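The values are calculated or read from the model by the stated rules, or taken from the named source; none is laboratory data. Not measured: the values here are computed from a predicted model. Counting neighbours? That spans all protein chains shown, and the Cβs are built from the backbone with ideal geometry, glycine included. Accessible surface is based on the protein model in full, side chains and every heavy atom, while ligands, DNA and RNA are left aside. Shrake-Rupley method; radii C 1.70, N 1.55, O 1.52, S 1.80 Å.
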Amino acid sequence: MMLAAAVVCVLLTQGDPVVLKGGRVVPVSGPEIESGSVLIVDGRIRAVGATVDAPAGTKVIEISKNSWILPGFIDAHSHLGSSFDIEEPTEPFTPEARAVEAFTSRHPDVRAAMASGVTCVALSPGNGNLLGGQIGVVRLNGERYDRAVLRHAVALKASLGADVLRPDREPTSRTGAVALLRSRFGPPAAALPAL
């Protein structure tokens, strides 16, 4: 049977053993396998090869010879699936803001990303704050928000781009932005070496 990528992604999260068979397999390491097979058990790749040994009762999904079987893509900086604003324009520092709180797993962009093979996303706050908040990690699996979020916070986002500069609040220049960051996170001025 032939299936679209989005349908295959959803099937693989359901836990039943599945073999994808017939497409060009591109493993994480090693050479490509023409007309290969991939065994997935409990949503994880367990074997890759020209043929694989599968447990009894494993569902075999025939993939077109013209198709590719690839590891899931990771989007390392994304605003994907944001259902509302992901920055606070009145403050330059918002370290308490979490980008995952704006995420909705049923957003049309999430479905499109899944269909393109994206399986994991680092959700980032917007670029409008000097320190925009917490970057979280989400698995695109078509499930509810609470089942999609892997980590609420893994890093903080800082931005020095043009979006940070505002005429109505600090910083208004890039040198001002660096000075604000230094005043918040750098050593005290007395500790800096003399020039």
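Annotations
- What the pair-distance distribution of region 34-110 shows, using all Cα-Cα distances binned every 5 Å from zero, is 3, 11, 15, 14, 10, 11, 10, 9, 7, 6, 3, 1 percent.
- Rg and Dmax of region 121-192, based on Cα coordinates, read 16.1, 53 Å.
- Placed amide H near SER35: partners under 5 Å, 5+ positions off or other chain: ARG24, VAL25
- Compared with the dominant principal axis of the Cα atoms in the chain, helix 174-185 is inclined by about 90°.
- Reachable lysines, given that their alpha-carbon falls under 27 Å from the alpha-carbon of LYS21 and they are not under 8 places away in the same chain: LYS59, LYS65
- Given charges at Cβ of Lys, Arg, Asp, Glu: the chain dipole, positive-most of ILE33, CYS120, ILE63: ILE33
- Inter-probe distance in nm under a simple model that places probes 7 Å from Cα toward Cβ, at GLU143 and HIS107: 2.0
- In this view, the solvent-accessible surface of ASP85, computed with a 1.4 Å probe and all protein chains in place, comes to about 130 Å².
- Residue-averaged 222 nm ellipticity for the chain, from DSSP H runs of 4+ at -39500 (n - 2.57), nearest 500: -4500 deg cm²/dmol
- Rounded to the nearest 20, the size of the Cβ-charge dipole of the chain about its Cα centre is 260 debye, with Lys and Arg at +1 and Asp and Glu at -1.
- Amide proton proximity set for ALA97, modelled H, under 5 Å, gap of 5+: GLN134
- Loop-resident chymotrypsin sites (Phe, Trp or Tyr not before Pro) (DSSP state other than H, G, I, E or B) in region 24-129 with no more than 14 further Cβ atoms inside 10 Å of their Cβ: PHE84.
- Accessible surface calculations at 1.4 Å, restricted to protein heavy atoms, place region 91-187 at 50 Å² per residue.
- Cross-link reach is defined here as a Cα-Cα straight distance under 18 Å, omitting same-chain residues fewer than 8 places apart; for LYS157 the aspartates and glutamates meeting it are ASP75, ASP85, GLU87, GLU88, GLU91, GLU96, GLU101, GLU170.
- A straight chain from LEU70 to ALA47 at 0.36 nm per residue would run longer than the Cα-Cα distance by 6.9 nm.
- Beta bridges by DSSP in region 19-106, antiparallel share as percent, to the nearest 5: 65
- Mean-position separation - Cα centroids, region 50-80 and region 26-42, in angstrom: 8
- Computed from backbone phi, the HN-Hα couplings of region 47-60 come to 7, 9, x, 5, 9, 9, 7, 10, x, 4, x, 5, 6, 9 Hz, rounded to whole numbers (Karplus: 6.51 cos²θ - 1.76 cosθ + 1.60, θ = phi - 60°; Gly and Pro given as x).
- Placing a label point 7 Å from the Cα of ARG184 along the Cα-to-Cβ direction, the residues of region 68-106 whose backbone N falls under 19 Å of that point are 86-101.
- Couplings for region 115-128, taken from phi via the Karplus curve 6.51 cos²θ - 1.76 cosθ + 1.60 with θ = phi - 60°, read 5, 8, x, 6, 10, 9, 9, 8, 7, 10, x, x, 9, x Hz in order; Gly and Pro are left as x.
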